[in-house]
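Colleague: Shown below is the structure under consideration.
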Amino acid sequence: MLNIVMFGAPGSGKGTQSEVLIKTYGLFHISTGDVLRDNIKRGTSLGKTAQEFINKGQLIPDELMVDILASVVDDNKEAAKNGVIFDGFPRTIPQAEALETMLEARGTKVSGVIGLDVPEEILIGRLLNRGKESGRSDDNLETITSRLEVYNNQTSPLKDFYAEKGLLHMVKGTGGAEVVFERVKKVIEAIR
Ligand code: B4P
């Protein structure tokens, strides 16, 4: 199984690259952001909780996020038999530890982590741009600013966590999406 974690700041292109990767390698895509937005759309109780955090640019609590991830993995065993792209998960060290335990219990592990490196001013530009079309409640300057702060404080320590395990592959995330994909593909070819 090829299990890839897509890692990076908000707007770094995790979702964009994941979409191409699943088609190229026949992997199953789990975007925790998409799972939450789907719940918000359907008005579930998880969606109501998630909305409050997302609007403030904060992370959903770890325990909740870990349970959601485990149920998505277990509900899609057949579709995920070649492997999974984890897009936007983990976002904290406890989530990364939980992922390790979860995959180990299912006889597999993280094959590699692709970190997309994009300067902050470009991230802000991309997200503001997306906000004009997507109508996403978190793509406005105030929320983007707190999402970047949350990323720097809570998510970026994962770089060291995965580097120490020899799993981190940083990729330059600027240039068009196709150029970035060629860089990502090189990493995948080397680890699969
Ligand atoms: P996500 O849905 O994961 O969103 P993201 O980090 O903002 O976006 P991503 O990096 O995927 O950017 P994209 O490719 O779309 O999270 C949303 C929220 O959900 C979080 O803030 C949090 O509250 C919550 N959440 C999610 N997972 C969680 C977890 N595990 N724990 C707790 N809370 C969680 O790209 C952005 C834009 O850039 C697009 O418009 C795209 O077209 C453009 N773009 C991409 N690549 C480009 C390129 N190379 N060149 C030019 N433009 C590019």
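The values are calculated or read from the model by the stated rules, or taken from the named source; none is laboratory data. Quick caveat: nothing in here was measured; it's all calculated off a predicted structure. Backbone-built Cβ (ideal geometry, glycine too); neighbour counts: all protein chains shown. Remember, those area values only see protein heavy atoms, side chains included, never the ligands or the DNA or RNA. Shrake-Rupley method; radii C 1.70, N 1.55, O 1.52, S 1.80 Å.
Colleague: If you scan the range 54-70, which residues turn out to be within 6 Å of the ligand (Cβ to nearest atom) and free of Cβ contacts under 8 Å to residues at least 40 places away in the same chain?
Modeller: I60, M65
Colleague: Same structure, new question: Any residue in the range 84-94 that is away from the ligand (no atom under 11 Å from the Cβ) and charged (D, E, K, R)?
Modeller: no
Colleague: Just one of A70, A96 is small (G, A, S) and at pLDDT below 95; which is it?
Modeller: On the way: A96 fails: at pLDDT below 95.
Only one candidate qualifies: A70.
Colleague: For the range 1-17, name all the residues that are open to solvent by less than 10 Å² (accessible area, probe 1.4 Å) and away from the ligand (no atom under 11 Å from the Cβ).
Modeller: Of everything in the range 1-17, those that are open to solvent by less than 10 Å² (accessible area, probe 1.4 Å) and away from the ligand (no atom under 11 Å from the Cβ) turn out to be N3, I4.
Colleague: Then there's this: Just a yes or no: is a residue in the range 154-175 closer than 22 Å to D34 by Cβ, assigned to a helix (DSSP H, G or I) and among the aromatic types (F, W, Y)?
Modeller: Within the range 154-175, none of the residues are closer than 22 Å to D34 by Cβ, assigned to a helix (DSSP H, G or I) and among the aromatic types (F, W, Y).
Colleague: Could you give every pair whose Cβ atoms fall below 6 Å, whose first residue belongs to the range 71-83 and is closer than 16 Å to S18 by Cα, and whose second residue is not in a helix (DSSP H, G or I), counting only separations of at least 6 or pairs across chains?
Modeller: Final answer for the pair search is A79/F28; A80/F28; N82/G26; N82/L27; G83/M1; G83/L2; G83/N3; G83/L27.
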